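Dropping a structure here in structure tokens format, bear with me for questions.
No lab work stands behind these numbers, since they all come straight from the coordinates. Note that this is a predicted model, so its numbers are computed, not measured. Please note: Cβ atoms are built from the backbone with ideal geometry, for glycine as well, and neighbour counts cover all protein chains shown.
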Amino acid sequence: MARSRREFTPEYKDEAVKLVLTTGRAVATVARELGINEATLGRWVSAFRVRNETGQTEVTESERAELLRLRKEVADLKLDRAFLKKASIFFAQEASDTNGKRSN
């Protein structure tokens, strides 16, 4: 029977890496405590160290997830704004048509 692959959020990965780096505990110890594979956590820590040692300013996975969320929110807000703009034009025309009919 095949095991299903677990998915981890970028925030979870960042927190797991922080546990290793800030506490000074071994990757194996932290992995055991979190119930994840030691090699998996080791890759996350290595990737973090490589990014920081080379001076890359690459966004972290949690930053990337937040960026995607914010881009979606901006797109939704632009749609809302466009709708409200059209609605305000409609109601302004409606009001001017109503005022024009009264003055005749």
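Starting from the Cα of ASP97, move 7 Å in the Cα-to-Cβ direction to define the label point; list residues of region 73-91 whose amide nitrogen is under 12 Å from there.
90-91
Which shape class applies to region 3-56: rounded if a/c is under 1.5, otherwise prolate when a/b exceeds b/c and oblate if not, where a ≥ b ≥ c are the square roots of the Cα gyration tensor eigenvalues? Write down the numbers at each step before the final one.
Details: a/c = 1.98, a/b = 1.36, b/c = 1.46.
Oblate, because a/c is 1.5 or more while a/b does not exceed b/c.
Another question, if that's okay. Angle between the Cα long axis of helix 10-23 and the longest principal axis of the chain, 0 to 90 degrees, nearest 10?
Roughly 40 degrees, rounded to the nearest 10.
Give, rounded to the nearest 20 debye, the magnitude of the charge dipole that the chain has about its Cα centre when Lys and Arg contribute +1 at Cβ and Asp and Glu contribute -1 at Cβ. Can you show the working numbers first?
Values: 20 positive and 16 negative charges, 54 e Å.
Dipole size: approximately 260 debye.
Follow-up question, since we're still on this one. Taking the Cβ-Cβ separation of ALA28 and SER4 as r and a Förster radius of 22 Å, what is the calculated FRET efficiency to the nearest 0.05? Write out the running numbers ahead of the final one.
Working: r = 24 Å, r/R0 = 1.08.
Computed FRET efficiency for ALA28 and SER4: 0.40.
If you take the charge dipole of the chain about its Cα centre, with +1 on Lys and Arg Cβ and -1 on Asp and Glu Cβ, which of SER62, ALA87, TRP44 is farthest toward its positive end?
Of the candidates, ALA87 comes out farthest on the positive side.
Find out how many positive minus negative residues lie around SER88, taking Lys and Arg as positive, Asp and Glu as negative, among other residues whose Cβ is under 11 Å from that of SER88.
Values: positive: ARG81, LYS85, LYS86; negative: GLU94.
With Lys, Arg at +1 and Asp, Glu at -1, the neighbours total +2.
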